[in-house]
Each structure stands twice: as structure tokens, then as C-alpha cells.
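Beneath this line is the structure, given in C-alpha cells, with notes to follow.
The values are calculated or read from the model by the stated rules, or taken from the named source; none is laboratory data. Source: prediction; values computed, not measured. Note that we place each Cβ from the backbone using ideal geometry, even for glycine, and neighbour counts take in every protein chain shown.
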Amino acid sequence: MTDQIPAEYALVLAAILFALGLAGVLVRRNILFILISLEIMLNAAGLALIAAGARWGEPDGQIMFLLVLATAGAEVSVGLALVLQLYKQFRTLDIDAASRMKG
Amino acid sequence: MVTLFFIAAAVAIIATFMVITHLEAVHALLHLVVSLLAVALIFYLLGAPFIAALEVIIYAGAIMVLFVFVVMVLNLGPLTREQETRWLRPGMWVAPAILSGVLALELVYVLLGGQKPLSVSSGVDVKEVSHSLFGPYLIAVEVASILLMAGLVGAYHIGRGWKGKAR
Amino acid sequence: MILVILIAVLFAGGFLVWGVGRRSPLGARWISLLLLSFNLAVTAVFWVQNHDRTSFFGGAWLADISWDWIPSLGIRFHLALDGFSLPLVALTFLLGIMAVVCSWNEIRERVGFFHFNLLFVLAGVTGVFVALDLFLFYFFWEVMLVPMYFLIGIWGHERRNYAAMKFFIFTQAASLFLLIAILALYFINGRYSGLYTFEYFSLLQTPVAGPTAMLLMLGFFISFAVKLPMVPFHTWLPDAHTEAPTAGSVILAGLLLKTGGYGIIRFVIPLFPEAAKEFAPVAFALAVVGIIYGAVIAFSQTDLKRLVAYTSISHLGFVLMGAFAWNEMALQGSLMQMLCHGISTGALFMLAGSLQERIHTRDTSRMGGLWSVMPRMGGVAMLFVMASLGLPGLGNFIGEFLVLMGVFQTSPVTSILGTAGLIFATIYSLAIIQRAFHGENSGRWHPGDLTVREMSILGVMIVVIIWLGLYPQPVFGTVLPALQQLIASTAG
Amino acid sequence: MLDTLWIVPALPLAGFVFLALAGGRIPRTVIAFIATATVGISALLAIAIGVTFLGLLPQEASYRQVLWQWVSVAGFEPAIGFHLDALSLVMMFVVTFVAFWIHLYSTEFMIEDEAYGRFFAYMNLFVASMLILVLADNLLLLYLGWEGVGACSYLLIGFWYHDSANGRAAQKAFIVTRVGDTAMAIALFLLFVNFGTLDIQAILQQASESIQSGSLIAVAVTALLLGGAVGKSAQLPLQTWLPDAMAGPTPVSALIHAATMVTAGVYLIARTHTLYSLAPQVMAAVAGVGALTLFIAGTAALVQRDIKRVLAYSTISQIGYMFLALGVGAWGAAMFHFMTHAFFKALLFLAAGAVINALHHEHDIFKMGGVRHKLPLVFWTFLIGSASLAGFPLVTAGFYSKDLILWQAWSSGQGQAWLWAIGVATAFLTAIYIFRVVFIVFFGKERTHVEKLPRRPMTVPLVVLAFFSIVSGFVEIPPALGGRHLFSSFMSSALPSAAVEESHTTELIFSLIASLLALAGIYLAHLFFRTRREHAEPDAGKRLTRFLFGGWGFDWLYDRIFVRPFVWIARVNRNDYIDSIYGGIAALSRGLNTVFSSTETGRVRLYAAGIACGSIILVAIALLL
């Protein structure tokens, strides 16, 4: 592997993906899309971890990614369950409709 | 390889953009799968084949399938599509888009802030990963497993009362 | 050993009366009274035995006990008594008896728990006066607070919750400064000497100087100044004193405030002599402001207890002034002022309380002409009002005069302004008599005069205050070695 | 004999303690007996001690008795101890003697009062305090007596407390004098800092040795002591309390506000005369204060309607004479006038009290009249007192003492013509105002029916005091009229006598002027208030009358300058503005709580936007720094 990929490139990609995910979270009102956008952001973070790990040749980045993966799994399962409940309660996926659950 | 990277990156960005702008959930999910696959390729290029595999199997596979299931259960009709169209007027998305754009620019500026390119070392062994995973990170692994367990129980508990009623 | 007994009696007695009080409220009262009398008697006997003893292993300590408590952190159970603490400890028990007596009829609910709290506060106060380990001191300092909070919050008057909360927040916030300062001193001393200890004598040697010393000094000072209370940290006091039950007011005014003055003299100045010297002009200014401000506001109050509460602010200004003058005369005066203020204000609160018990109001605008219906109370009130305005022949005069004369040697201007405060003291003091006892009995009150029980304790107070006014020398003699030691400790 | 000195103040004190503890439960006769007997025995004892002392006099000019060490702190060692010399002997004698007769008088005067025991308890306490004041060997003990008499004065002015006006008058008296006392306390601090002691003799000794005349310390100390003296003695500018103090029972006015307490200021200055001699500026101030006060009070007395207020202003005026004497260094003359004044002013008050008592507590002289027929004894004694006050030549004590003062105001080293002129002018006014009272009250036709005739306990003191109002002057007769110097030679053991250089003829001329003016005053009073009685009533519409009636507007002025602002400030800040700072902190926390909790909308996207904004700002900060 002579021409290696500079770590910045991967990190820049991660940043862009993260920003896109953020935009998704902010723009969409559909809770399903918000969850999807969250996945994008998690994935971008994971990408940044891998890139950093690869840069230093350490396994830690990959381990972090594994942990992110586990977190993502847990989050998605709970999140989707909540989506189902929300839909049951409000007959809509509009996240703002759930705002009356505020403290 | 750099070329490969650029292609994959372009695919990922375009696909992600499609994800957050699409009106139909299923379509968006398909785009997301594409994006994830592109990122998996980049993992591979960065010398983490094991992670690339996991990305494909768990993210693009398991998690996306969950989403698809939920979408199917919800059985969203054209009504939702109309709603989405209504929600996605410029007034709604301009401000968040600018916000995210600023963040992205800041991050990029930080990353490319005039330093020498940081070259990537040649890959990390799976074995190495496993050693540290079950060595120093053992507790993290255990915590993650507990988290997953909690997620499982939580999802079950929250989703239990659900009796899907199609419209 | 005597110190441990005194404190242990109070702590154990607290639980005992709680238990007894469930069955027999009267029993709880009698037991409290007996325990406190026992303590007072023990202290008195001890005083008489030791009045001419000037040294105890070299220093001015008359009794000393020091056990390991938490050795790993350098915390010891160290109690010691010198001539400076002894009168205050005696005052504690005397006013404790007074508090029990004046709550005899007033408190009818949860009597056992009331006396539990009362004894615990007194235990805390006693501990504060004798603790020589700063951690232990802080422990007792906190022990005072919570029972006092209950005393105000459960048995108080109309706005008791507000007052109790305010009291608690002020004093607790202030003691946080104290805690921080104690810990900082502990670590600085530990780093310097390698010996981590809360021992007073070790900490006296801590070499702190400059801004650090000033900050630590302020930490201690603020905490004591809130207790004292010093303007502008005084606003908890009128509320707490007004809303507390009579016994609570007596203890608050008579004892809790004294812990502030005691702390300043025992800790603030000996620990940080240079910083205190630098700070003295500010303290003088605040003391003068307090003397005059408290007096002016006292004059305009219509609530009798509130009026007396503001007079405390004014009187304790003299203590603050005397402490920072830091010469023998001013310190003797400060201590005398603390003792006499405890007695005279305690008595005034007791009178206000028994008046409220009889006519169900503290509003002076509804009183008037009470002298003709209760001449005994009128006479007693007149005496203590005269004491409060500093009439020679009564103890307060000796205290104020010595403070002012001592301060005059350091800062004549402060002393002159403080002396001017005596005029204001006259104004508000006479206002008490004028509004409550003189004039027409427009409310057509026909309360009964003071009972024998009340008269007997007030009689003791009167004897003490006249004794302190005409022959205070025994007290000065007891205090002298302790003060000389304190002053010597800051000289080097 | 001298070692029984301590019993003199102790007896009245014991009487007080007994009456205070048991006063409500014992019969009136017992109360009266105890109160009068304690003071009477004190008086006898004082006389006995005085005789013994006179026997020792040339050799031993003073006697000291220390009872116990009061305070001993850091070199400050005042004792409870008494010092007897000519000065304190005179004071002690006058105080106990006058007090005894007034006590006797009161046993009758107060007989109907429900608080009989309380009255005598206060009176006894007063006598004890006054004796402590005059006998004290150090200034702190003197201060104790000083404040003690002030407190008793307060208690007795407000004795009839049901009327809140009396209470206010009492408060005023106490507070105004306390202003002076504060100055005096500061003087004590200064003295201690400079001399290391408050022992009077030691201070005077050291002062004469170590302090230069006119030095700052002497001026400061004497000026501050003067502050105390003017407060207690109701001199300018603290004189306003005394007229109001007449709210108390008449025997109180006689004892406290005429004969004894108000002269404490004179005593204080005489006691510390060495210091004053070292501060000529302050001496001049004392003389000036005295001169101004005597004139102002004399004019105010001209228009008063209340018989007691006339006497009160007269007292202020007469004490002004004493201050004038002190200011010109005529110490002996001041004490001489103090003594005669104590007799005749007490007499005047007691006689006035008898009139008031006989006329249903009527104080207004224009509602009295023709009393002389019903109360001949009272009339004659009052006349003697008035003559003495007016300085009726040759036969009255007041003539000799006032004449001595006027003469020395002119002739002594510090004497000045204007001081003398004011003194003489006011002597003329004095004759007018007091005979105005005599003619209006005792002559003319009866306006209020006389009901109660004074019985023996009231008449005997009148006679005794009238006797002394005449004969007490004969102890000191100017050389021009025969020359006798019993009093001044006795006093010279304690006070330096003023040097007189003028010839006897000059003195005689001056006496003549004063005598003629006094007689002219009496004649004028006769003219206006006897023969043209209908027009005598002061016209309240006239501005000058109002001005004089109000005592030259001092009360009005102080009310505007001190009382109202103080009450206003106190009222405004009743709820303690500092508390509102903490109230503000509490309100702020509560407000912030409301503000922040309103951001809790439940809209997830807003939260996310918030987080995004936060991270943008953080990264920006990281970039910029």
C-alpha cells in the first residue's frame, strides 16, 4: 500500500456526514427520519474513530467503533419501540406533537 | 486507492444527502444502506477490514432491517407523504441547514488547518483489536453488553403494548 | 473530663427527654431543667475551684481533653476550656434554664421533641465554645443549626417556615465558607509541616501570608460575621428572632450570636493576625454601621420581638469592634458585652414572649399602659431596657465602656462614632417602655403579672446583671490569663 | 466619723431596694417613714461628717474612702470610692438636706397617688445616685451617678405615665442629656488615654504638672466635658428638655430639676477646674454659654403661663449665672450661688406645688389669683423665695450670691463688661418675671376655688427652706457691706478663689446698680401685673410673644433638624432595605427559574438545535483562541 489515504480526508468525510446527519435531525419532523439521521451521525463519528485509529496504528479506534455500534444497536431498538408507542398514542409521527410530554 | 476513496466518499455524501431529503421512509432507508456500504468500503481502505464487515453486517444488515420492519408495521400511506411535503418547505430547513453547514465548515477548517497531511499507518490487525478488546477494554465490553441487554429489555417493555392498527 | 460530661449530659439528655416527652410533657420539662441545672452547678463549682488558677500545663487552659478520633485524617476529639470559654459556657447553661422556663407554658405540642432540640442546640453551643480541633469545631457548629431550624420551623409563629428557611440558608451558606477555609488551612499547614492535622495549636503556626491569608481570614470572618450578625449579613436575624418561640429567641440572641463573637476572637484574629490587622478598618466601619443601622431600624419597629432583634445587631457591633481592636481592654469589654447582652436581651425576649402569651400580640401599637396592670413586669422591663441602653451600674455599661475605651486607643474615630450609637440606643430603648408600658391602656388589657416561676429566673438574671455591673472583677480575673495568651499568640 | 461616709449614699440606696422589692405590699405610712428616714439620717450623717471635716480642715483638705475595686483591666482601675473635700461636702450637704425636706413634703403631696411606693423608690434612688455623683473619687463612678440621676429624672418626669405627653417629656429629657453624656464619655476616653487613670485628683495633679495652658488636649477634654455639663444643666444648646421636664410631680421638679441634678454640670466643671484653667478658650465658652443661656431663659420666663414653666426657665437662667461664674474663674461664687439657689428654688417649687395642689392641679397662672388670703403661709414663703431669686437687696441669700457673681464677672481676670451687662440686665428681668407670678397668683381676685389646705408635712419644709433662703446668704458678705468670707474661705481648700483687684467703692457701686435694677423690676412687675392686671395676659397672637413663649424656637429648630429626619429615616427604612437585596436574590433565582423552564418546550428539535449552536460556539471559541 504505497499511496495511503491521508487521515484528514477520512476525517473531513466524517465531518461532512456528521453535518448532514445533524441537518437531518434539525430539519425533519418525522421521528423516523430523525432516528435515521441519528444513525448517520453515529456512523460519521465511527468513521472518525476508525480514521484516527488507523492514523496511529492503534486498535483503540476500532474498539471504540465497536462500542459505538453496540450503543447504536441499543439506541435503535429502544428508539423504534418508542416510535411505535408514539404512533399508537398520537396517530402521527410528528415529533412536535409529543412536545406536551415536557417536564 | 485515493481515487477509490474519493469515489466512495462521493457516493456516501450523495446517498446521505438523499436520505435526509427523501420523503418516503423506505426510499430513504435504501439510500442509507448505500451510504453505509460506501463507508464500509472506506473502512476497508483505512485498513480495518473487520470493521468494514461489521458495518455491512450489523449496520446495513441488522439495524436497517429493524427500520424497514417498523416502517412496514406502521404502514405509512400517501397521507404521510403529503405531510412530509408540507413539512419540508424552505422556511423549515434553511436555518438548520445553515447551522449544520457552519458546523461542517468549522470542522473541515480544523481538520485542514494548514498542517502536514497525516498519513495512515498500514492497518491494524484483527488480532490486535481482539487482544485489547478482551484485555484492557474488558470492562467496556461488559458495559456494552449490559447496555445491549438494557436496550433489549427496554425495547420489549416499551413496545409491548403495541397492537398495530393499520389505517 | 468535665467537658465531656457537660456535653454528654446534653446529648444523652436530649434522647431521654424525647422518649419521656411522649408519655409526660411535664416530665420532659423537669428533666431538661434538672439536667441544665446540674450542668450549671458543675460549671459554677468548677469556676469557683479554678477562679484563681492561672495555668494548666503552661497555658491558660483550665480543663483539657484530647482523644484520637479519626487519626488517619488528623482529627482529634479535643476539648479545652480556658477563662475565655468558661463564662460563655456558664452563660449557655443559665440561658438554657431560662429557655426551658419560658417555654413551660408556651410549648404544648411535641414537648419531648422540643426539649430534644433545645438540649441539642445547647450541646452544640457548648461544643463550639470548647472545641479546639477545627474539624470538631465545625461539627459542633453544624450541630447547632439543624435543631435550631426545627425549633423555629415547628414551634414558631406565623411566618415560621420562611424564617426558618432564611435562617438555615444564611447560616449554612456562611458555614460553607468556614468549611472551605478550614480545609484550605488544613492542607496548607499539612503541605508546609508535613503533618495533616485539624489541631488548633498546630494551625496557629501555619505560615500563611499575603492574599491567601486574607482570603482564608475572610472565609472564617464571613461565617462568624453572619452569625454575629454583622450588617449587611444580618437580615436573617430579625425574621428568625421574631418567628421563633420565646425559648428559641432567647437561645438565638443569647447564645448563637455569641458563637460568632467567640469565633472571631478565638479563631479569626489568632490564626491570621496580619490579615486581621489589615482588615481592621473595614471591620470597624462595619461595626459602626451596624451599631447605628440596627439602632435606627429598631426604633421604627412595631413588633416587639423584632425591635429587640434589631437591638441585638446594634449591640453586637460593639463586640465586633472590640474584637478587632485586639487589646486587653477591648477584648475584656467584648466578652463582658457578650455575657451581658445574652442576659439582658434574653430577658427582654422572655418578657416579650410572656407578654405575647398573655395578650396574644407583639404589636407595640396595640399595647400601652401595661405598667399599671403588670407593675412587676414593668419594673423588670425597665431594668433590662436600662441595661440595654448602657446605664452604668448594670453589666452592659461595663462591656460597652471597656470596648469603646479599648477601641479609642486603636481608632479614636471608630470609638467616637460608636459612642454616638449610645444615643440611638437610648432612643429605641425608651421607645420600648413608652410604647408598651407607658401611655394609656388603650387595648384594655388585663393580663396577669409575672408568675413566681418567671420572676425567679428573671430575679437571677437581675442579680447577675447588677453583679456584673458593680463587681465584674471576678469575671475579668478569670478571663485575663486566657486573653493574655491569645494576645501573646498574635504578637510573634 | 469620716469613715461612715459610705453610709450616706448607701442608706437611700437601701431604701430604694427595700421599696422596690416591697413597695406594693406595705402601708403608705411605712413607705413614707422609710423613704424620709433614710434620707433624713443621711442628712444628719452628712452634717456630722461635715462638722468633723471642718475640725480637720486646715491640715487635711480631703478624705478618701475606697470600698472595693470596681474594674481592673489593663491598667484601668477605677474603684468604688469616695472623695470628700469642701466642694463635695457642700454638695453632699445641700443634696441630703434639701432632699430630706422635699421627701417630707412629698409624703403629703403624693398621698393620693396610687404609686406611692414607686415614687419614693425613685426618689431614694435619685438621692443615692446624686450622692454617688458628688462623692465619686473617679470619673467613671461620677459617670455612674451622672447617668443614674439621669435615669431617675427620666423615671420621675414620666412618673404619671398614663398621659403619653409626660412619657414624651421624660424621653426628651433623657435623650437630650444623653447627647451631652456621650460627649462626656468621649472626654473620659481621652483622659484615660492621656493620663492612664480616671481618678479625679490624680488627673488634676498630672494635668497641672504636665499640660500646657491652651494645649489641644486640655481644650478637647474640657470642651467635651462642657458638652456633658450643658446637657445635664440644661444650658445652651441642650436646654430644651428642662421646661418639658415639668411634667413630673412638683417635688421632683423641686429636687431634681431645680436644686440638685441640674446643677451637676456646675459641679462637674468646678470639680475639674484645674483642667478648665488650662483651657482659657473653653473657659470663655463656658462664660459665653452661661451668659447667653441666662438671658434667653430669662426672656422666655417673662411670657410663660404655666407657673412651673416660669420656674423652669428661671432655673435655666440661674444655672446660667453659675456657668457665667465658672467661666470667669469665680468657682466659689458659682458654688455659693448653687447653694442659695438650691434653697430658694426648691422653696419656690414647693410653694408653687402647694398652690397647684390647692387649686385642683391648675398650672395656668392666669386662672389663679388672690391665693394669698387662703394660703398665707404659702404666700409668705413664696414671696421670700421670689425675693431671694430676684436678689432683693441686703436681706436675701440670692442677693449676696448673685451679687458676687456679677461683681466677679466684671472684676476677675477673665471678666468682661458684656458678661456683666447681660447678667445685670437679666437680674432686672428676673425680678420682673418672678414678681409677675407673685402678683398674678397671690393678688387680685380669686379665680379658682381653693380646696385643700396644705398640712404640716408640707408647710414645715416651706418654712425651713424659707429660713435658709434668707440666712444662707449671710455666710458670705462683700467687704463693702461689712465683709464676711466664711464660705469662700471654706471653699478655698478645694477651689482657688478669684483674685479681685478693684477697690471696695467700685464694688459698692456695682452692688447698688444691681440692687436698684432688682427693685425697679419688682416695681415694674407691680405696675403691670398688679394694677393693670387685665392687660397682663400675654397675647399669643404676637410674634415676639410666641417666639419667647417657645423658648426662642429651639424646640422648633431641633424638631426640624434632628427629630423629623431621624423619624423619617427610621420609618422609610422600617422594612430594612438591606433585606431587599436578599429578597432580590431570591426573586432573581425564581425569575431565572421561570425563564429557563419556559425553554423546556418538549420540542426535541429545538433541544438538538441548542446543542448544535452550543457546539458551534465551542468549536469557534477553540478556533479563535
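Observations, loosely collected:
- Selection within region B:40-87 - more than 20 Å from residue A:45 (Cβ to Cβ) and buried (at least 17 other Cβ atoms within 10 Å of the Cβ): B:70, B:71, B:74, B:76, B:80, B:83, B:84, B:87
- Helices (runs of 4 or more DSSP H) within region C:141-258 that include 2 or more residues free of Cβ contacts under 8 Å to residues at least 12 places away in the same chain and out of contact with any Leu (no Cβ under 7 Å at 6 or more places or on another chain): C:160-193, C:210-227
- Which numbered condition residue A:37 fails, given (1) facing chain B (nearest Cβ under 7 Å); (2) among the polar types (S, T, N, Q); (3) outside any helix (DSSP H, G or I): (3)
- When region B:11-51 is filtered for residues that are more than 9 Å from chain A (Cβ to nearest Cβ), more than 13 Å from the chain's Cα centre (by Cα) and part of a helix (DSSP H, G or I), the ones remaining, listed by number, are B:11, B:14, B:18, B:26, B:27, B:41, B:44, B:49.
- Residue selected from region D:171-187 under the condition among the β-branched types (Val, Ile, Thr) and more than 7 Å from chain C (Cβ to nearest Cβ), by the criterion surrounded by the fewest Cβ atoms within 10 Å (Cβ to Cβ): D:176
- Note on region D:476-487: residues that are assigned to a helix (DSSP H, G or I) and touching a residue at least 60 places away in the same chain (Cβ under 8 Å) amount to 2.
- Just one residue in the set A:19, A:15, A:51, A:23 is at the interface with chain B (Cβ under 7 Å from one of its Cβ atoms), in contact (Cβ under 8 Å) with a residue 40 or more places away in the chain and either surrounded by fewer than 22 Cβ atoms within 10 Å (Cβ to Cβ) or not β-branched (Val, Ile, Thr) (or both); that residue is A:51.
- Subset of region D:379-388 [hydrophobic (A, V, I, L, M, F, W, C) and either closer than 12 Å to residue D:465 by Cβ or surrounded by fewer than 24 Cβ atoms within 10 Å (Cβ to Cβ) (or both)]: D:379, D:380, D:382, D:383, D:384
- Residue-level check: of (1) touching a Gly at 6+ places or on another chain (Cβ under 8 Å); (2) crowded, with 24+ Cβ neighbours inside 10 Å, residue C:393 misses just (2).
- Look at (1) buried (at least 24 other Cβ atoms within 10 Å of the Cβ); (2) without any contact (Cβ under 8 Å) to a residue 24 or more places away in the chain and you find that residue C:355 fails only one, number (2).
- Against the test of being closer than 26 Å to residue B:20 by Cα, of a type outside the set (Phe, Trp, Tyr), assigned to a helix (DSSP H, G or I) and modelled with pLDDT of 80 or more, the options B:95, B:62 yield a single qualifying residue, B:62.
- Those residues of region C:407-416 which are more than 7 Å from chain D (Cβ to nearest Cβ) and over 24 Å from the mean Cα position of the chain (by Cα), in sequence order: C:410, C:411, C:412, C:413
- Matching helices (runs of 4 or more DSSP H) fully within region C:292-406 where at least 1 residues are in contact with a strand residue (DSSP E or B) (Cβ under 8 Å, 6 or more places away or on another chain): C:304-325, C:328-359
- Residue satisfying condition, being in contact (Cβ under 8 Å) with a residue 40 or more places away in the chain and of a type in the set (S, T, N, Q), within set C:434, C:473, C:484: C:484
- In region B:111-127, of all residues being under 18 Å from residue D:624 (Cα atoms) and either over 23 Å from the mean Cα position of the chain (by Cα) or more than 7 Å from every other protein chain (Cβ to nearest Cβ) (or both), the one that is modelled with the highest pLDDT corresponds to B:112.
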